[in-house]
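The values are calculated or read from the model by the stated rules, or taken from the named source; none is laboratory data. On a predicted model such as this, the values are computed, not experimentally measured, just so you know. Please note: Cβ atoms are built from the backbone with ideal geometry, for glycine as well, and neighbour counts cover all protein chains shown. When the accessible area is computed, the model is the full protein with side chains, heavy atoms only, and any ligands, DNA or RNA have been set aside. Shrake-Rupley method; radii C 1.70, N 1.55, O 1.52, S 1.80 Å.
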Amino acid sequence: MGLLDKLEKGIEKVVRKPFSATFKSPVEIIEIAAQIKNYMDSQVSLEKEQKLVDHRYKILVSEADFEKLSENQLGFDRELTELVQNHIAEKHYSTIDDLRFVLGKSDELSLGELDIKVMQTEQDVYWQPFIELADQKLALTKGRTRVGRGGESEIKINDRALSRVHLELLFNGEKAGVRDLGSTNGSAINDQKFTEAPLVNGDTITCGNTEIKFYYLPQLKEDA
């Protein structure tokens, strides 16, 4: 039994009341995002300057919808994160941490039915950081991973605008970050130059002519 098949078994959470939707056709990512955005809108008060919204969601769908949506877990997470993050930015909302989503299935749901729960605790899940660049999808190991065009880099990229060792990705087992190693052309996160910075779900690192997407994906601790 794989990770995605075991999410219902492995994640026993304290959650708020789920919010649900029913569609006439298979569930699409844009529909999941729309439900989360509507929920966020219902959380905030227009009179308050600080508009804090929830950031951890467990998404339950039918088995048929689950099989379709989980075919590309990284793509699912990337698209959903971008849609919801854009809404947060447009509405000037705030979260206490970066967005993260867990996809699961429920035998009680039929095709096109959707339940979304706000996750309050995560004892049974750890979050594995991944990067995506060109045609590569790589899990980050604990410690540092150097990126550059030289052979001394753990991730070697054929990009003449990169330094031989351009930057390093850092992961301490819980949180990830990135450090520019004095590169000639510098580095940016979401178009903002940096020397050293934390990484959050959905960040885009630009170095030379290369874009590196950063994501966390949920893993059950029993699989670690």
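Before moving on, here are some points about what is shown:
- Residues whose placed amide H lies under 5 Å from that of ALA161, excluding near-sequence neighbours: ASN209
- C-alpha center-to-center spacing [the stretch 83-100, the stretch 147-163] in angstrom: 33 Å
- Here the stretch 107-224 has 43 percent of its accessible surface on carbon and sulfur atoms, given a 1.4 Å probe and all protein chains in place.
- Segments 128-141, 25-38 sorted - mean Cβ within 10 Å per residue, highest first: 25-38, 128-141
- Calculated FRET efficiency, ASN158 to GLU211, Cβ-Cβ distance, R0 = 25 Å: about 0.95 to the nearest 0.05.
- Between SER42 and THR22, the contour length at 0.36 nm per residue exceeds the alpha carbon distance by 5.3 nm.
- Vicinal HN-Hα couplings computed from phi for the stretch 92-102 (Karplus, 6.51 cos²θ - 1.76 cosθ + 1.60; Hz; Gly/Pro x): 6, 7, 10, 10, 7, 7, 6, 5, 8, 10, 10
- Here's how it looks for LEU217: its modeled amide H is under 5 Å from those of GLN128, PHE130, which are all 5 or more places away or on a different chain.
- Difference of contour (0.36 nm per residue) and Cα-Cα distance, ALA188 to LEU138: 16.0 nm
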